[in-house]
Amino acid sequence: MTFSVTDIGAVLPEILIAVYACAILLIEPFLPKDRREILAYFGLAALGLAFIATWQLLWADLTVLNGMFVLDPFGNFFKLLLYVAAIMTILLSMGYLRRERIDLGEYYAFILLAICGMMIMVSGSDLVTVFLGLELMSITFYILVGFKRFEEKSLEASAKYFILGSFSSGILLFGISLLYGLSGTTNLEAVALHLRGADPGNPAWVLAVILLVAGFGFKIAAVPFHMWAPDVYEGAPTPVTAFLSVGSKAASFAVFLRVFMEALGGIHADWRFLLILLSVITIVMGSVVALVQTNIKRMLAYSGIAHSGYALIGLLVGDRLGIFSLMLYMPIYAVMTLGAFGVVTLLRRGGVEGDAIDDFAGLAKKNRLAALAMLIFMFSLAGIPPTAGFIAKFYIFMAAVNVHLTWLAVLGVIFTAVSAYFYLKVVMVMYMKEPDEEVHLAAPPAVVMVLAVAAVAVLLLGIYPGPFLDYAQNAALKIR
Amino acid sequence: MMDHILSTILFAPFVGVVVLLFIPNARPLAVRTTASIAGLIPTLASFYLLYHYDSAAGGYQFTEQYVWSKELGISFFLGVDGISIPLALASSILLFTGVFISWHIEDRPKEFYIFLLILAAATIGVYVSLDLFFLYFFYEMSVLPMYVLLGVWGSHTKGYLEMADKEKRDSVGFIFNFASNSKEYAAMKLTLFLSAGAIVALIAILIIYATSGLHTFNLVELQAHGRVPQYLHGILFLLIFFGFASIAPIWPLHSWSPVGHAAAPAAVSMLHAGVLMKLGHFSIIRVGYTLFPDATREWMPLAAVLCVFSIVYGGLVAYFQRDTKYVIGYSSSSHMGYVFLGMAALNVISMTGAVLYMFAHALATGMLFAIAGYVYDQTHTRDIPSLGGLSSKMPFIAGIFVVAVAASFGLPLTVNFIGELMILVGSWSIYPVQTIIAVLGIGLTLAYLFRMMRGVFYGPMDPHYAHAQDASPFVDRLPLLVMAATSIYFGLFPTQFIHVIRAGVMPLIAAIQGAGPIPPVGGPF
Amino acid sequence: MPGNFIPVNYLPIVIFIAIALAFGGVTLLLGTLLRPRRIYKAKLTPYESGNIPFSDARAPFPLRYYIIAMIFVIFDIETVFLYPWAVVYDKIGLYGLVEMTLFISVLLVGYIYAWKKGALEWD
Amino acid sequence: MVPLSYYVILSAIVFFIGVIGVLIRRNIIILLLSIELMLNAANINFVAFSHYLKTITGQVFVFFVLTVAAAEVVIGLAILIALYRGKATVNVEEVNLMKW
């Protein structure tokens, strides 16, 4: 049994996060009721340390734990994204939890466990690791979604998420078992090797691919499997919704990409058509249904679904530019959505639920900076130039046109225009409607920091994304 | 400094925006002076550009290039030629004067100026960039400030205020859930129309990039050795034409523009009519004419037909409007018809006339909107029948209005006359019937502008507006004087202007002529 | 392959199942056939030592049963992992020991957490 | 030796019973049961392929699936009880506060 130090070194960030999570769980019962804030800073410290650890190993490229776990620039790229998302979520949730009177210490432990699951998932080069990471993430999210346990909406959201989530894990698992049966191994490299040898005509491969697409499709809320998304986004506490819509989606896309590009690259033709179909319905449904939404969180849910559709285009293209455009899309989508949800947490005031779009009325008068930030996020989500959203969409459509999927790019572009309406409606409500009461909305410093960082990032990536593009390029997955 | 002049023109407004961010709304004078300086720098620089462009050498000068993304071959490539200098000058003048026109805005002046500067900078960006990606980047970027400016500082149209119950939902109101003549509706309609048009153009740009086999957006390289397959040229030109023509309102796609004019505040409708509309013509020339000369020669007669509709339609509707800003809005969409006619004739005289007319029309409509805005500020109504006899109250404004009207229909002393003349002379030999209709169109312009002038400034004065005073402070007089002076100055000494534009137009027409003489248009049109 | 449909070495299991079924079935059958059948109303009421049953027999169980069952399931799975470890312990030596102590310590954290949170109290 | 196809067919049948159970039944507890059924169907598949391919990975995977299934059931019951306390119903039909 070989067990060298490099194995521990490679898995250090994950170990760090898991140890911190257990530490939080241990300290929490001994802590007096009002000192729960320390655990939040504890969590932030953990994420900071892990960030530094991953930063050191940024360009390492080695497979450890005999083929189960891989440490490569692609995985590290997504890990950095996940750290930023988690740090922002914790900052958003500190004030939010106290206001909602659900400030239990375990919340931060679950956030750390969720991100630990995502990190394992993202750097798993074996279907076992991928499945375990996926499950750890999903289970922690089932709890986090139902965290406001005395509010019916949150309970209902977590019940729906649980049932549909475990149902899709069952399907995914059955897909993995078929894949194992066909290729004799669960290691992604070995599956690819085997695929080069065997004839891909065997229909069982197509069945296994369909089941895998169903399982991952659920996690990224692609349309036929998106039923859970709006209800869960609306019911769950807002910071959890933010983390769910950003972290879980980015990690699921990373795994989707790794499994399909590395392992099933050989039968690209079969699953490309399936993904094209998926991405078309997702874009259409996501943009159209969002038009009629009145609840901001449901609207952001459908906008998230539409964005998954666009990101899927990057995935199905299947060449270096496709991977690069998907990797570019995820962080930009993450920053935009986190910022938008940050502003939604701001509106949670006393009686005001802060969910309906009309609660945004006259925000420009109540809190000018928050309104400006939301304007930037909405324009970025709509993909209007000076913001990063435009760059992300531009590269995705470029990737599609490059492989002569011009009609797909045209469809995507048209529905971007359609989606512009409901994003601008929020801006209109904020700037052009009068607020019902003139109270000045004070924003806690943590939320202000998150909004400022997100807004600056969106503008910076929009105007001069040079260095970020080069980094994403070098970190792109190397297809054998 | 001279080789960075284009970036100074482009980034001066952006620097102004950043400086404005740090000035509180409580000190409006500081806000306004920063905005005016941010407007002054590009104006002076463009004047310098005009007089230092070496028209003998021609081609793209003052070029700057910075690589932006190696992977996709996108570079921040600035350069001007004969066609873009006049338009850059027009947009900087309109920005400078627009800042002074909106001197009396009280509702959040800082944000207003920030979005105004972004709008002007975006239009200048389109005129000076030689990279398809950045041309589209700035073109789409102009949508953002237009939406917010119209929505927040705009004014409702068509008697919206008198409407009994604001929630009156007609079909349009139901879909957009706000009344169909409110400013939000105008803002939303404008934005959706612009982005829809831009989308069509984006598709063409993406296909050009993919099929040119060069993996670059650089316009100069694409023009030199882009190998876009022949059968695609026709479709791509049509995509570009209709994509960009929706902003230069050609007849079927023009319905958003008058509403946009009427709902916008004075300075924004000046920039909108003066410069935003010309983005369309300019981009068609910059992308369509340069990359697909033969397709241009084949399809431009279509534009000649459509532009006649927009001249006649715009003129007639303008005649029957009751709202001053609607009259000017429809008049500018009808004048755009002349520019299309000039562009469609595809010879040096008419093209030079078209570009000159674009510059001239910017100044003329700028003055008209400034004055309409001023009248609205004084009397809080734009309804022509209820206005009247204001010339006794504001002689200076009435005087400038006469100059503006003269410029609009091309009285000889103004630069519009030269532009219009060259268009008509140039297109006479190719499209005789259209030219006749265009000349009649000038008569129509004369009719509705004089009708408006009589309605607003002369005749019996309604005592209700007794309190209206003239534009006495220097700050109100400066912009109108600047525009009138430039219009007349270039009307008297246009030589340098014509040389510069000719230098830009010659290579284009040569390429298009090279693709064989224009087939004589059969039948009446 | 379809020749020996019933693989011979499974025969004893089949016989064993048959005998078990036969034993249960026959005794029940005999009971129903032989016993006298005289039905009257008092005999049919559910046996409740004389008084009328006032509520459904299935009363909702107190929550503590569920929590205890939950903790049992978790630590039962832990033992499932101990079995294969124990079987090959001699081959993996120190490495195996370190690995298992880590595994047990994580579960210990869970146990201490549950204990401190009062999941194990009974009354 | 029982041919591999029997096991795969058996696991497919069990899988579809589980899927149909989730789709048809109303009571959340029955849903949990059918989800467990689906996971166990995958287990049968894993063991059958592991035996047939003479590799150990399949059976090791089963261990992980067992732990995951246990964790999922525990969380599922916890959510079910919280839901029952909140809305006094375990019928999926009535859990319809948020729609469309």
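The values are calculated or read from the model by the stated rules, or taken from the named source; none is laboratory data. The model shown is predicted, which means the values in this text are computed figures rather than measured ones. So basically every Cβ, Gly included, is an ideal-geometry build from the backbone, and we count neighbours across all protein chains shown.
Cβ-Cβ contacts under 7 Å between residues 6 or more apart (or on different chains), taken from a first residue in region B:316-341 that is within 16 Å of residue B:361 (Cα to Cα) to a second residue that is among the acidic types (Asp, Glu), are listed as B:338/B:420.
Condition (residue is within 30 Å of residue B:103 (Cα to Cα), part of a helix (DSSP H, G or I), in contact with a Phe, Trp or Tyr (Cβ under 7 Å, 6 or more places away or on another chain) and hydrophobic (A, V, I, L, M, F, W, C)) applied to region B:226-238: is it met by at least one residue? Checking region B:226-238: not a single residue is within 30 Å of residue B:103 (Cα to Cα), part of a helix (DSSP H, G or I), in contact with a Phe, Trp or Tyr (Cβ under 7 Å, 6 or more places away or on another chain) and hydrophobic (A, V, I, L, M, F, W, C). Identify the residue in region A:426-446 that is among the aliphatic types (A, V, I, L, M), in contact with a Leu (Cβ under 9 Å, 6 or more places away or on another chain) and more than 14 Å from chain B (Cβ to nearest Cβ) and, among all such residues, is nearest to residue B:186 (Cα to Cα). For region A:426-446, the residue satisfying everything is A:441. Taking the listed residues A:11, A:70, the one that is surrounded by 15 or more Cβ atoms within 10 Å (Cβ to Cβ), of a type in the set (A, V, I, L, M, F, W, C), outside any helix (DSSP H, G or I) and touching a residue at least 24 places away in the same chain (Cβ under 8 Å) is A:70, with no other qualifying. From the list B:130, B:116, B:135, the lone residue that is closer than 17 Å to residue A:376 by Cα, within 20 Å of the chain's Cα centre (by Cα) and modelled with pLDDT of 85 or more is B:116.
Pick from region B:442-468 the residues that are out of contact with any helix residue (DSSP H, G or I) (no Cβ under 8 Å at 6 or more places or on another chain) and buried (at least 16 other Cβ atoms within 10 Å of the Cβ): which of them is farthest from residue B:411 (Cα to Cα)? Step by step, filter region B:442-468, then rank; the result is B:455.
Highlighted here are the helices (runs of 4 or more DSSP H) found entirely within region A:121-212 that include at least 3 residues which are touching a residue at least 60 places away in the same chain (Cβ under 8 Å) and at the interface with chain D (Cβ under 7 Å from one of its Cβ atoms): A:152-183.
Taken as a whole, the condition of being facing chain A (nearest Cβ under 7 Å), buried (at least 17 other Cβ atoms within 10 Å of the Cβ), among the hydrophobic types (A, V, I, L, M, F, W, C) and under 21 Å from residue C:81 (Cα atoms) applies to residue D:39.
Do we have any residue at all in region B:399-406 that's buried (at least 24 other Cβ atoms within 10 Å of the Cβ), among the small types (Gly, Ala, Ser) and closer than 30 Å to residue B:510 by Cβ?
Going residue by residue through region B:399-406, those that are buried (at least 24 other Cβ atoms within 10 Å of the Cβ) are B:401, B:404.
Filter once more, keeping what is among the small types (Gly, Ala, Ser): B:404.
If we keep only those that are closer than 30 Å to residue B:510 by Cβ as well, we get none.
No, region B:399-406 has no match at all.
Of note, residue A:224 satisfies the criterion of being over 16 Å from the mean Cα position of the chain (by Cα) and more than 11 Å from chain D (Cβ to nearest Cβ).
Within region A:15-22, the presence of at least one residue that is at negative phi, of a type outside the set (Phe, Trp, Tyr), away from chain C (no Cβ under 14 Å) and part of a helix (DSSP H, G or I) is confirmed. Inside region A:394-420, residues that are more than 24 Å from the chain's Cα centre (by Cα) and at the interface with chain B (Cβ under 7 Å from one of its Cβ atoms) make up a count of 5.
Taking into account only those residues within region A:368-393 that are at the interface with chain B (Cβ under 8 Å from one of its Cβ atoms) and at pLDDT 90 or above, which is surrounded by the most Cβ atoms within 10 Å (Cβ to Cβ)? Across region A:368-393, the extreme among qualifying residues is A:379. Among the residues of region B:325-348, those identified as out of contact with any Leu (no Cβ under 8 Å at 6 or more places or on another chain), buried (at least 24 other Cβ atoms within 10 Å of the Cβ), of a type in the set (Ser, Thr, Tyr) and farther than 30 Å from residue B:514 by Cβ are B:330, B:332, B:333. Of all residues in region A:231-252, those satisfying the criterion of being within 14 Å of another protein chain (Cβ to nearest Cβ) and more than 15 Å from the chain's Cα centre (by Cα) are A:231, A:234, A:235, A:236. Within region A:98-119, the set of residues being more than 16 Å from residue A:44 (Cα to Cα) and crowded, with 23+ Cβ neighbours inside 10 Å comprises A:117, A:118, A:119. Is it the case that region A:394-404 has a residue that's closer than 18 Å to residue A:343 by Cα, in contact (Cβ under 8 Å) with a residue 12 or more places away in the chain and surrounded by 23 or more Cβ atoms within 10 Å (Cβ to Cβ)? No, region A:394-404 has no match at all. Checking D:65, D:47, D:74 one by one, the residue that is of a type outside the set (Lys, Arg), more than 24 Å from residue A:191 (Cα to Cα) and part of a helix (DSSP H, G or I) is D:74 and no other. Scanning region C:91-119 for residues that are at positive phi, part of a helix (DSSP H, G or I) and within 27 Å of the chain's Cα centre (by Cα) yields nothing. Checked against (1) part of a helix (DSSP H, G or I); (2) among the β-branched types (Val, Ile, Thr); (3) more than 15 Å from residue B:137 (Cβ to Cβ), residue B:126 passes all but condition (3).
Regarding residue A:27, is this residue surrounded by 17 or more Cβ atoms within 10 Å (Cβ to Cβ) and in contact with a Phe, Trp or Tyr (Cβ under 8 Å, 6 or more places away or on another chain)?
Criteria not met by residue A:27.
Against the conditions (1) in contact (Cβ under 8 Å) with a residue 24 or more places away in the chain; (2) of a type outside the set (Val, Ile, Thr); (3) within 12 Å of chain B (Cβ to nearest Cβ); (4) part of a helix (DSSP H, G or I), residue A:467 satisfies every one except (1).
Run down B:219, B:214, B:206 and say which single residue is crowded, with 21+ Cβ neighbours inside 10 Å and more than 10 Å from chain A (Cβ to nearest Cβ). Give the steps one after another, and end with the answer.
On the way: B:214 fails: crowded, with 21+ Cβ neighbours inside 10 Å; B:206 fails: more than 10 Å from chain A (Cβ to nearest Cβ).
One residue alone meets the criteria, B:219.
Checking each residue of region D:79-91 against the condition of being surrounded by 18 or more Cβ atoms within 10 Å (Cβ to Cβ), modelled with pLDDT under 90 and more than 9 Å from chain A (Cβ to nearest Cβ) gives at least one match.
Among the numbered conditions (1) in contact (Cβ under 8 Å) with a residue 60 or more places away in the chain; (2) closer than 30 Å to residue B:506 by Cβ; (3) small (Gly, Ala, Ser), the only one that residue B:38 does not meet is (2). Of the residues making up region D:42-62, those that are at the interface with another protein chain (Cβ under 7 Å from one of its Cβ atoms) and not small (Gly, Ala, Ser) are D:45, D:46, D:49, D:53, D:55, D:57, D:61.
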